Every structure is written in C-alpha cells, then in structure tokens.
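Structure record follows, encoded as structure tokens.
The values are calculated or read from the model by the stated rules, or taken from the named source; none is laboratory data. Since the model is a prediction, treat every value here as computed from it, not as a measurement. Don't worry about glycine lacking a Cβ; one is built from the backbone with ideal geometry, like all the others, and counts go over all protein chains shown. In case anyone asks, the SASA skips ligands and DNA or RNA and just uses the protein heavy atoms, side chains included. Shrake-Rupley method; radii C 1.70, N 1.55, O 1.52, S 1.80 Å.
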Amino acid sequence: MAFIVKKKIGGGEYFYLNENKRIDGKVKTKTLAYLGKNRKDAEEKMKKILKSKIEIKSEAKQETKKMENKNSGKISIEDMAVFCKRKGFVFPSGEIYGGFAGFWDFGPMGVELKNNLKKEWWKYHVYQRRDIVGIDGSIITHPQVWKASGHVDSFSDVFVVCKKCKKASKIDKAELGKVKCDFCGGEFDEKNAKDFNLMFKVQVGENGESYLRPETAQLIFTDFKLVQESSRMKLPFGIAQIGKAFRNEIAPRDFIFRNREFEQMEIEYFIKQGADCIYEIPDEKMLVYSAEMQEKKSNPEIMKIKEALKMGIIKKGWHAYWLATQFRWFKNLGANPENFRIRQHKKDELAHYSSDCWDLEYNFPFGWKELEGIADRKDYDLSQHEKFSGKDLKIFDEESREKILPSVVCEPSIGVERSFLVFMFDAYHYDKKRENIILKLNPRLSPIKASIFPIIKKDEFEKIAKDVFNDLSLEWKVNYDESGSIGRRYARNDEIGTPYCITIDDKSVQNKDVTIRDRNTTKQIRVKISHLKDMLRKLLNEEILFENAGKAVK
Ligand code: GAP
C-alpha cells in the first residue's frame, strides 16, 4: 500500500511517497518518490504515479494472459513491443512527449542485446575470415556521393493517401492501381500520388547541404581504393561496415521492423567480373522461392542451397554461397531455421543498381518479410563514382596483370533491428509449468550473462557475492540481485534471458563454492569459486555441457 509521509528537514517540510511491502515475512517500507514541498501538489503527483504503476502492471498481466493461452507459436508484434518496453529492451523515442513515429530507444537490456548481436556479426564476418576487413564511415558525407549513387534521383517511394481512412502509405510504382489500403482496404487517391524521396536533408555549415546516409554501402564504395591499398587486399575480398542509416519512411510500422533511423550490417563483396566462387557452399537446407515459382504462383520448395544452384534456380555460385553463409549465422546463434526462406526478387522489384537479388526472409507474425537483401550490384557503384569523381578506382589484378574495375557479386545487407526481432521472437517462450516467460536467447546474445544472488542479506553471503560480482564484471555484464525471494529472482532473470544464476548460500561459506542454475532446464550444479570464471566462459562459449561443468545438485 502506498501513502504520503511528511518529513521535517532543516526547518523545511518535504513530502514523500512511501510503500509498505511484506518481504520474507517482514513488513518493510520503501520510498517510491519525492513529491515536493506542498501537500496539494504532493497529492496530485501521487495520483499520477499510482495511475502509471497500475497501467504498467495491467500491461504485464494482459501480456502474460495472452501467453498462457498460446503456450506455443509467436506473439504478435504489438505484444512484443509491450514486452520489450516492460523489460527495458526498447522504448518509443521521446515517450514522455507521446513518442515520435519511426524512432526508438534501446533500454538497458536492449543496448546489451544489440551490442552483442553486432559483435557476433563482426566476429563471424570480419575476425573469422581473411578476405574481409571493416570500416566505419561517416554518417554525413559529400553530397555528390548520393548523386553518383542514384539516390538523389531514384531513391523514392510512391506516396499515396487512402480515400477512406486518410492514412498515408508507401507503395512501389509497380503497385499503383493494383493494391488497396493496408489499414482499411480502401482505395488510394491515385490522382494525387507523388514520388517521395526517402533521404533526410541536412544543413552543413552555414550554406552547405547534404543528406543523412540512407545506406552504409556508399561509404564502402567511396573508400574502396583506400581500403584495398592500405590493407593490400587481393580479389576476391569484401569490406564490412556496421552503422546507422536513415530513411524518411512514409509509413514506419510494425514496431522496430520499419523505422526512420536504424542500423545496417553490410558487406560489399568484390570479385573480378565473371570469376567463379572459390568457396565450398555451406550444406544448408531451406525453403527456396524463386522469381519463376512466384510468377507461376507455385509454393516455395524446401531444398539444399547447393541443389538449387545445380538446378539453375540460383544462377551464381557466389549467390548460393552468401545465402547459405548468412542463414548459417542465424542458425548458429539459435534462431529457428524453420522460420527462414530465401526469395528471389521479381524483375519489377529490383533496385535501380541491382541485376539480381535474393532476400533472406523471416516468418514474422505479420507474414514473410525481408530480413536481409543479397543483391548483385555488378560494377554499377564503382563506375558511377569513377564518372562523378573523375578518379580512377581500378585496381591491379595480379593474375591477368591488368587494371580492372571489380564487380560486387553480392551485397549481404541486413538491418540490426530486424535481426534483433528475429532473435527475440525465436527466444520468447511461455513456460506453463513455471508460469513464466523464458527468453531462451543464445548465451552469446543474452544481455546479462549471469545474475549473482546472496541467498539472504547476511554479511558473510554478501561479501562473497560482491567479490564474485567484482570478478565476473571485469569480463561481462552481470547483475547483482538481492531483493525478493529466490524464485522471484530466477523468474525475473528468465524473462530477460539471463542464462545462468549464481547463488551464494551457507555452503558457499564453508566450501568456497556456489550453485549455478541453468535458465532453460532449471538444473543446478555446484562449482568452486576459484573455477567459476573459467567455467562460466566455457558455458557462455558453448564449449562445455552444463551437466559436465560441475557437481549436480539433487
Ligand atoms: N545497401 C543495400 C540496402 O540498403 P535495402 O534492402 O534497402 O538494401 C537492407 O536494406 C536491409 O536494411 C533490409 O533488408 C532491412 O533489414 C534493413 N532496412 C531497410 N530499411 C529499413 C527500415 N526502414 N527500418 C529498419 N530496417 C531497414
């Protein structure tokens, strides 16, 4: 129960909102907020605080109710947004002002998951390969870059307004006259349809003007020769980049699926025009949906990517290689392979620079949607930049002993936010027995790697727990949690995907060991404190099975 208390400090009166709670059998008082110096204001403030507390609680209750009925299957994108807000993953940007369409903030859990995801992408694509190096280009660059790339003239959607509900939508040029409003099924006002360039203009200095980059790719092209020369790269090779991109989307929607500010993880992979793929195609099987299958209105077919190449469904070895490689990245990090397919763009869908494009798609709760585009850009961009800058971007090819302009055979380009959603959807489980949401994230992605609990607040337990926290936090983001019952602390950590909970109890004082509890199975083992860091590292890197990491607790 919450109530107002008045405190007299140094002759002044101050009002606070307190709450009594029964914790471990004892009633404890906690101060919730400072309410000011005046009783009337304090009462008003209290009403507001209690109202927002009730709203948050009822959102959580509604979400849990829905999950109880579902047990399996995905939750809706709206429910995912509620969950992400409640647990500190993603908040509407400028929420206290009513939010700002297409912009989102990542909270304490979200920023950790997002950073882990980007780190894993960089490790897989840059550290673990000898043919790819990275850059970090500027967000605002020379305006001529966007003229040369074609974005100034062609990077636009068709802006239409529904005659019935008056909502604005974006459609592709090819869809004009063929599609209806997504919100109400009404007809679009086609007479007033207009081209809408998606780039954000920015003022630079007093009179200059440029754009926020709508893709990270162009910085790779403009830096191409500098990278090749400074890193002595030989074809075939790639340049990778992770960073912000901005698009003034007409209708941002589906939570963080389509935003105005987002991040991309992109690779431009350069080859000598026509050179064959030199890598073995990863042995991956998945749903394949070619342009021909779509035109014939037949269903996607499950097949090995290698087979799709042999059968001529995928035309180039390089394309098959990159599609399988990207799919494997998701699989390795625990995404459900059944939710993925590859789909070829039909002729009228191809971007202005692309001669062939396959998307890696994911089965979102609102349907199959693009997760990653893997386009063949040929030498379009390098030759455009040669033309506009007047600079020679050709490089010396040792094999043919001549200067050549390389070709981008594949451009794996993926949004961080869409990948974030994939891992969240595939990790989200409601456990009926535990009556709790369990976020079964791969430990490498989990925001918090371990949570450390002294079983009760007692100096000797807290001393060990704090030492453990100080040691583990040198390497990972770990939590120290001392409030509530052990069951509540486990449940709280299950919901945010913490893979391991470490408890310090009376045996820890005698034996200098702790229990580790596994999120997915709730099994527990005892591990000596002197081995804890090593063991946790092995568990997080999936180098050891949980059962083999310590002595089982019966
Ligand atoms: N350089 C190529 C390129 O930018 P794209 O298909 O326009 O290609 C690549 O974008 C990826 O970026 C998409 O597959 C998607 O994951 C992400 N993306 C694009 N627009 C987005 C938006 N408005 N919000 C969130 N992610 C977006």
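Taking first residues from segment 531-554 that are loosely packed, with under 15 Cβ neighbours inside 10 Å and partners that are among the hydroxyl-bearing types (Ser, Thr, Tyr), the Cβ contacts under 8 Å between residues at least 6 apart in sequence or on separate chains come to 553/515.
Criterion first (away from the ligand (no atom under 16 Å from the Cβ), in contact with an Asp or Glu (Cβ under 8 Å, 6 or more places away or on another chain) and not small (Gly, Ala, Ser)) does residue 387 satisfy it? No; evaluated as a whole, the condition is false for this residue. Screening 239, 281 for residues that are touching a helix residue (DSSP H, G or I) at 6+ places or on another chain (Cβ under 6 Å) and more than 28 Å from residue 389 (Cβ to Cβ) leaves exactly one candidate, 281. Assess whether residue 150 counts as being surrounded by 14 or more Cβ atoms within 10 Å (Cβ to Cβ) and over 20 Å from residue 241 (Cβ atoms). Answer is no for this residue.
Residues checked against (1) surrounded by fewer than 21 Cβ atoms within 10 Å (Cβ to Cβ); (2) without any contact (Cβ under 8 Å) to a residue 24 or more places away in the chain; (3) part of a helix (DSSP H, G or I):
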{"residue": "199", "(1), (2), (3)": "yes, no, no"}
{"residue": "211", "(1), (2), (3)": "no, no, no"}
{"residue": "221", "(1), (2), (3)": "no, no, yes"}
{"residue": "234", "(1), (2), (3)": "yes, no, no"}
{"residue": "262", "(1), (2), (3)": "no, no, no"}
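Looking at 55, 63, 43, just one residue is at pLDDT below 65 and either open to solvent by 70 Å² or more (accessible area, probe 1.4 Å) or in contact with a strand residue (DSSP E or B) (Cβ under 7 Å, 6 or more places away or on another chain) (or both), and that residue is 55.
For segment 467-526, which residues satisfy the criterion of being among the charged types (D, E, K, R) and under 23 Å from residue 441 (Cβ atoms)? Once the filter is applied, which keeps residues that are among the charged types (D, E, K, R) and under 23 Å from residue 441 (Cβ atoms), segment 467-526 yields 475, 477, 481, 488, 489, 492, 494, 495, 517, 518, 519, 523. The number of residues in segment 354-365 being in contact with an Asp or Glu (Cβ under 6 Å, 6 or more places away or on another chain) and away from the ligand (no atom under 13 Å from the Cβ) comes to 2. Being modelled with pLDDT of 95 or more, within 14 Å of the ligand (Cβ to nearest atom) and of a type in the set (A, V, I, L, M) is not true of residue 287.
Taking residues in segment 353-373 that are modelled with pLDDT of 95 or more and open to solvent by 50 Å² or more (accessible area, probe 1.4 Å), and partners anywhere that are assigned to a strand (DSSP E or B) and within 8 Å of the ligand (Cβ to nearest atom), the pairs with Cβ atoms closer than 6 Å and at least 6 places apart or on different chains are 370/359.
Entry remark, segment 121-131: residues being more than 16 Å from the ligand (Cβ to nearest atom) and touching a helix residue (DSSP H, G or I) at 6+ places or on another chain (Cβ under 9 Å) number 1 in total. The residues in segment 386-444 that are open to solvent by 10 Å² or more (accessible area, probe 1.4 Å), under 23 Å from residue 146 (Cβ atoms) and hydrophobic (A, V, I, L, M, F, W, C) can be counted, and the count is 3.
Within segment 507-530, the set of residues being over 20 Å from residue 429 (Cβ atoms), in contact (Cβ under 8 Å) with a residue 40 or more places away in the chain and open to solvent by 40 Å² or more (accessible area, probe 1.4 Å) comprises 509, 529. Taking segment 301-348 as the range and being part of a loop (DSSP other than H, G, I, E, B) and open to solvent by 20 Å² or more (accessible area, probe 1.4 Å) as the test, the residues that pass are 311, 312, 313, 315, 316, 334, 336, 345, 346. Of the helices (runs of 4 or more DSSP H) lying entirely inside segment 93-178, those containing at least 1 residues that are among the hydroxyl-bearing types (Ser, Thr, Tyr) are 151-154. If you go through segment 374-384 and pick out every residue that is in a helix (DSSP H, G or I), surrounded by fewer than 21 Cβ atoms within 10 Å (Cβ to Cβ) and within 16 Å of the ligand (Cβ to nearest atom), you end up with 2.
For (1) surrounded by 15 or more Cβ atoms within 10 Å (Cβ to Cβ); (2) over 26 Å from residue 328 (Cβ atoms); (3) within 16 Å of the ligand (Cβ to nearest atom); (4) under 13 Å from the mean Cα position of the chain (by Cα), each residue gets a yes or a no:
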| site | (1), (2), (3), (4) |
| --- | --- |
| 82 | yes, yes, no, no |
| 96 | no, yes, no, no |
| 108 | no, yes, no, no |
| 135 | yes, no, yes, no |
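Go through the residues of segment 281-290 one by one and say whether even a single one is within 30 Å of residue 159 (Cα to Cα) and either surrounded by 20 or more Cβ atoms within 10 Å (Cβ to Cβ) or of a type in the set (S, T, N, Q) (or both). Yes, segment 281-290 contains a residue that is within 30 Å of residue 159 (Cα to Cα) and either surrounded by 20 or more Cβ atoms within 10 Å (Cβ to Cβ) or of a type in the set (S, T, N, Q) (or both). When segment 244-260 is filtered for residues that are near the ligand (Cβ under 9 Å from one of its atoms) and open to solvent by 30 Å² or more (accessible area, probe 1.4 Å), the ones remaining, listed by number, are 247, 252, 258, 260.
Does residue 163 qualify as being open to solvent by 50 Å² or more (accessible area, probe 1.4 Å), more than 30 Å from residue 129 (Cα to Cα) and charged (D, E, K, R)? When the stated conditions are applied, residue 163 passes them.
When the residues of segment 448-476 are filtered to those that are part of a loop (DSSP other than H, G, I, E, B) and in contact with a strand residue (DSSP E or B) (Cβ under 9 Å, 6 or more places away or on another chain), the one that is least open to solvent (accessible area, probe 1.4 Å) is 448. The residue list 298, 230 contains one member that is among the small types (Gly, Ala, Ser), surrounded by fewer than 21 Cβ atoms within 10 Å (Cβ to Cβ) and assigned to a helix (DSSP H, G or I), which is 230.
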